[in-house]
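The values are calculated or read from the model by the stated rules, or taken from the named source; none is laboratory data. Please read these numbers as outputs of a predicted model, since none were measured by experiment. Every residue, glycine among them, receives a Cβ derived from its backbone with ideal geometry; neighbour counts consider all protein chains shown. Accessible surface is based on the protein model in full, side chains and every heavy atom, while ligands, DNA and RNA are left aside. Shrake-Rupley method; radii C 1.70, N 1.55, O 1.52, S 1.80 Å.
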Amino acid sequence: MSVATPAVLSPCIGLCRMRGDGVCGGCLRTLDEIAAWSQMGDDARKALMERLPDRACMSHDLHTLLPEHAALERALHPLDAALATQGWNTAELEGLLSARPSSPAAVLAGLVPRPQGTTVLLTRRHDGLRNHGGQVSFPGGRVDAGDVDAVAAALRESDEEIALKRAQVQPIGLLDTLATVSGFLVTPVVAVVDPTFIAVPNPGEVAEVFEVPLDYLMAPENLRSVELEFKGRQRTVLEYDWAEQRIWGATAAILYNLRRRLEAVA
């Protein structure tokens, strides 16, 4: 009489398709968990399977709420694209950049689906911050050694700055890398943000969180060029006015880059 071999515990349901949040749409496992599964004992597998249902509430279908999603997928670089070694605007900053290598940074260009139209999630930084204090910016910051990539850095910083949790955001793609006069090489990560998200600003970093209609920011007539003096020379920066907010510098340049990429696929 033969003895049946016990089945190996597995949450796999035969639907293997990676979602935009890095989780399999079938078994709801991450790539790291899938790779480690064969090395786990039954106790570890049971523990992991018990946690998997919690992931069902992750907002992996947020893209269905965003009217611009198809155009964005065509316009943006893939999330795993190789990062550029210099910014698309480097030529415009000739003579203004330090000779030292730029520090890698990432920001989250969050798009929020609203009944009245898509909005862009922005913050006004705390006045006391050393870099860009008081300025309007996207959530984000320096890429740390523990960050897997720019996407991970943008998500981590967004959580730290405004309590935007990973389950409330779905990355779509990357914009072109941007150089800043403050010495950063910034990778903008465009993502859909759950419209039920309620921001909780970190008081040490963020003074205010607000939203601006995407249509307004993508309209060429709402963006202007402004001359200012920096390090003893004139330079041109981009600028929007929205309510009482001045959206300029790197943030305006990122929005301009988004507009140009969308125009290219229209």
Filter result (of a type in the set (A, V, I, L, M, F, W, C) and either part of a helix (DSSP H, G or I) or surrounded by 15 or more Cβ atoms within 10 Å (Cβ to Cβ) (or both)) within region 240-266: 242, 247, 248, 250, 252, 253, 254, 255, 258, 262, 264, 265
Yes or no: residue 149 open to solvent by 30 Å² or more (accessible area, probe 1.4 Å), modelled with pLDDT under 95 and under 20 Å from residue 77 (Cα atoms)? yes
Can residue 91 be described as at pLDDT below 85 and either outside any loop (DSSP other than H, G, I, E, B) or crowded, with 18+ Cβ neighbours inside 10 Å (or both)? yes
Boolean, residue 226 is of a type in the set (Val, Ile, Thr), modelled with pLDDT of 85 or more and either open to solvent by less than 60 Å² (accessible area, probe 1.4 Å) or part of a loop (DSSP other than H, G, I, E, B) (or both): no
